[in-house]
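Undergrad: If you scroll down you'll find the structure; I have some questions about it.
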Amino acid sequence: MVSLDLECAQPARDLVIAEVFEGGCAGIIELSDSRIRVFFDSEMEARPFCTKYGGTIEAAEERDWVSDAQQSWEPQLVGERFFLVPQWRDDPTPPGRFRIKVNNGLAFGTGKHETTRLCLMLLERWVRPGMTVIDIGTGSGILAEAALHLGAATVFACDIDHTAVEIARLNGIDAFTGSAEAIRSGLADLAVANISPETIIALGDEIPRLVKRGGTAILSGLERGDDVPFEAAEVHTEGNWKALVVSY
């Protein structure tokens with residue numbers, strides 16, 4: 001058994017985690033918001049990820065790291081309506097809450113990160129029954145699923161990472177591989193994007209195109225100091241992260 005420590009901040013971290021899981025890792029421990037420790041049965045399995053991402057391969061104690069990681073991850077209440085629970089747990093859903101099953105590390109959007117929680121809480125406030133919602137950079141599909149629970153009639157979910165799209169589909173989301181450019185203009189009552197600041201900046205013209213007059217966009221994946229080309233009607237923060245509400 002060997003371990004490999006990797007530096008990878010959100011939102012890239014969960015996609016890296018998905019890649020090492022597919023590569024046959026024995027388990028993962030999240031050391032911090034930007035650092036993970038990945039365990040492999042052999043140095044041969046770890047070597048491609050060390051070459052790609054850097055770090056040092058070290059001998060590790062023989063343990064069931066997958067079981068350890070699962071036992072350390074508890075269900076969580078988010079906002080007023082959501083109950084996020086690991087898919088291997090059978091904890092009862094608290095009354096009045098929507099149950100969302102999540103699998104730690106398969107794609108960005110497990111609910112553990114501040115930006116995901118901010119988006120979930122804002123979706124509670126802004127989604128109305130019958131709305132059309134677009135989830136840009138859907139990751140695991142958690143925000144798309146939340147919008148459906150809240151009464152959205154239609155949710156269009158997209159991501160440029162095909163692995164993320166496959167995971168979202170496994171979670172019951174009708175997602176497609178591609179960018180927001182493929183979506184018809186004026187389609188959304190509400191758009192949500194929990195992605196990198198660079199991508200939000202690149203979508204400076206696309207998001208206004210997608211949202212109807214009178215509609216709303218929720219934009220996150222942003223650190224407090226990030227400057228993006230949107231005039232926010234509201235700014236919400238948690239820790240070092242923020243989410244914007246933009247009205248059209």
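Undergrad: Taking every alpha carbon pair in the chain, what does the distance histogram look like in 5 angstrom bins from 0, in percent?
TA: Taking every Cα pair in the chain, the percentages come to 1, 6, 14, 17, 19, 16, 11, 8, 5, 2, 1, 0.
Undergrad: According to the square roots a ≥ b ≥ c of the eigenvalues of the Cα gyration tensor, what is the shape class of region 113-247, taking rounded for a/c under 1.5, prolate for a/b larger than b/c otherwise, and oblate for the remainder? Before the final figure, lay out each step's value.
TA: On the way: a/c = 1.28, a/b = 1.21, b/c = 1.06.
Rounded.
Undergrad: Still on this model: Averaging sequence separations of C-alpha pairs under 8 Å and six or more residues apart, then dividing by the length of region 113-247, give the relative contact order as a whole percent.
TA: Over region 113-247, the number comes to 24 percent.
Undergrad: Using each residue's phi in region 88-101, evaluate 6.51 cos²θ - 1.76 cosθ + 1.60 at θ = phi - 60° and report the 3J(HN,Hα) Karplus result to the nearest Hz, with x for Gly and Pro.
TA: 8, 9, 10, 4, x, 6, x, x, x, 10, 8, 8, 10, 7
Undergrad: Could you state the number of Å between the C-alpha centres of region 162-195 and region 27-50?
TA: Here the two parts' Cα centres lie 29 Å apart.
Undergrad: Turning to a different aspect of this structure: Note down the magnitude of the dipole of the chain about its Cα centre, charges +1 on Lys and Arg C-beta and -1 on Asp and Glu C-beta and zero elsewhere, to the nearest 20 debye. Numbers along the way, then the final one.
TA: Numbers: 22 positive and 38 negative charges, 208 e Å.
The calculated dipole for the chain is roughly 1000 debye.
Undergrad: P(r) for region 153-196, please, calculated from all Cα pair distances in 10 Å bins and given in %.
TA: Answer for region 153-196: a P(r) of 26, 57, 17 percent.
Undergrad: List the residues whose amide H sits under 5 Å from the amide H of residue 55, counting only those 5 or more places along or on another chain, with H placed 1.01 Å from N in the peptide plane.
TA: none
Undergrad: For the chain, what's the relative contact order in percent, using C-alpha pairs closer than 8 Å and at least 6 residues apart?
TA: 14 percent
Undergrad: Select from 88, 154, 244 the residue farthest towards the positive end of the dipole of the chain; place +1 on Cβ of Lys and Arg, -1 on Cβ of Asp and Glu, and compute about the Cα centre.
TA: 154
Undergrad: Continuing with this model, one more query. Running a GNM on the chain with Cα contacts under 10 Å, which residue among 90, 33, 174 ends up with the highest mean-square fluctuation?
TA: Result: 90 has the largest fluctuation of those listed.
Undergrad: While we're on this one: So what are the ³J(HN,Hα) numbers for region 182-189, from phi and the Karplus equation (6.51, -1.76, 1.60; θ = phi - 60°), rounded to whole Hz, Gly and Pro as x?
TA: Calculated HN-Hα couplings, in order: 7, 9, 4, 5, x, 7, 9, 6 Hz.
Undergrad: Moving to a separate point now. Antiparallel as a % of all DSSP beta bridges within the chain, to the nearest 5?
TA: Expressed as a percentage, antiparallel bridges in the chain total about 55.
Undergrad: Counting Lys and Arg as +1 and Asp and Glu as -1, what is the net charge of the other residues whose Cβ lies under 13 Å from the Cβ of residue 55?
TA: Overall, the nearby charge balance is 0.
Undergrad: GNM on the chain, C-alpha springs below 10 Å: top fluctuator among 222, 31, 123?
TA: Of 222, 31, 123, the most mobile in the Gaussian network model is 31.
Every read-out reported here was derived from the displayed coordinates using simple, explicitly stated rules and does not represent laboratory data. Note that the structure is a prediction, hence the values are computed from the model and not measured. Don't worry about glycine lacking a Cβ; one is built from the backbone with ideal geometry, like all the others, and counts go over all protein chains shown.
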